[in-house]
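Please treat every number below as a calculation from the coordinates, not as lab data. Note that the structure is predicted; figures quoted are calculated from it, not measured. All Cβ positions, glycine included, derive from the backbone under ideal geometry; neighbour counts span all protein chains shown.
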Ligand SMILES: [Zn+2]
């Protein structure tokens, strides 16, 4: 059933794109995301340009299997979740700055580091060399005291000191200090929120018959996870939180409730995305920041594909592991390179999510320029 939906999603929007109007479930949207972005890029201001938009815009940058997700509010406030990798000549920082400029930003108000692994915190020094940041948010000290992770943590602290940027460590239950953005920390440093969010608090029927998930002792399970509420839409981003912590967060009481949009944890790698999380959140759309060879595990793709409530899932890359059987259809994948040519350089295409307060939203694939709209429910 869902496969059928995935294969024929464009009957409205392909026609609409050709005339510059996007139709969403019979309703008229003001303008395609690409047109709005082009207009924003032409404007010299920062917040003024971003403030002309009434939607929450979310840019999923391709950082090759790491995470970097930029949220921009209607008033122009901005939150970046994670900075991608170090190295590669500042590739990931360049991609983040390009997205920020596309959104009309000259600075980023807050950068949240979910945890201190290389694919999330590695890009901090390069980013701070390229764009001003108001403050950093994290889960507290690094707890994975290996030379590698300690090295990235030290580089983070050094960069903050050099650029005189403030750092705030958050606990579950605290709101993020980003003006105009309703975002709550729900996990941090092995702890989970102790009271349910509005709409949560019911027993979770998907907690039975779960396997005994291994106890993760790395920074993954320390992830600073957040829930964002924008109008009627709830977005969940738990970083690389592993299934053992998902169960603590979601069982026996579902502390989050349902969410319309899920940023798939851990790049779609199988040690995350338990049924206790995925089935209980009951998302309409999932977005996975996987790489061609990182994340995008077959069990996770399989779970998404078989989820009866999920309308679509999107991927930043074709997953080589998933193959033709388990990947989303090509139209829902931002980068296909390795699927057709293993030596192909990565084009760095992203995905853009645009959310309206009434509960409608749309996702644009930068590779194709096509937009899929989801009507409010
Ligand atoms: Zn990661």
Over 22 Å, how big is the tail of the calculated P(r) for region 34-169, in percent of all Cα pairs?
33
Note to self, the chain gives a 222 nm [θ] from helices alone (DSSP H runs n ≥ 4, -39500 (n - 2.57) apiece, / all residues, nearest 500) of -7000 deg cm²/dmol
Two decimals is fine: what is log10 I(q)/I(0) at q = 0.13, 0.24, 0.30 Å⁻¹ for region 65-112, from a Debye sum with one equal scatterer on every Cα and no solvent?
-0.27, -0.85, -1.19
Provide 61, 320, 250 in ascending order of the number of other Cβ atoms located within 10 Å of each residue's Cβ, fewest first.
320, 250, 61
For region 171-338, take the convex hull of the Cα atoms, compute a quarter of its surface area, and give me that in nm², please.
9.8
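Can you tell me how much longer the chain between residue 135 and residue 174 gets when fully stretched, taken as 0.36 nm per residue apart minus their C-alpha distance, in nm with one decimal?
12.4 nm
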Neighbour-count ranking [beta-carbon atoms within 10 angstrom, fewest first] of 226, 168:
168, 226
With 0.36 nm assigned to each residue of separation and the Cα-Cα distance removed, residue 158 to residue 98 gains 19.2 nm
Modelled label reach - residue 146, point 7 Å along Cα→Cβ, region 210-245 residues with backbone N closer than 13 Å:
217-221
Please arrange 107, 338 by how many other C-beta atoms lie within 10 Å of their C-beta, fewest to most.
107, 338
Tell me whether region 119-239 comes out rounded, prolate or oblate; compute the Cα gyration tensor, take square roots of the eigenvalues as a ≥ b ≥ c, and use a/c under 1.5 as the rounded threshold.
oblate
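Hey, what D do you get for the chain in µm²/s if you plug the Kirkwood alpha-carbon radius into Stokes-Einstein at 20 °C and 1.002 mPa s?
Working: Rh = 20.5 Å.
Using the Kirkwood radius from Cα pairs, D works out to 105 µm²/s.
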Any chance you could run the full-extension gain for residue 324 through residue 182? It's 0.36 nm times the residue separation minus the Cα-Cα distance, nm to one decimal.
47.3 nm
List, largest first, the extents of the alpha carbons of region 239-377 along their principal axes, each in whole Å.
47, 34, 23
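Counting only C-alpha contacts under 8 Å and six or more residues apart, can you give the relative contact order of region 178-324 as a whole percent? If you can, show how the numbers build up before the last one.
Numbers: 318 pairs, mean separation 31.3, N = 147.
That works out to 21 percent.
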If R0 = 35 Å, then residue 358 and residue 88, at their Cβ-Cβ distance, give a FRET efficiency to the nearest 0.05 of 0.30
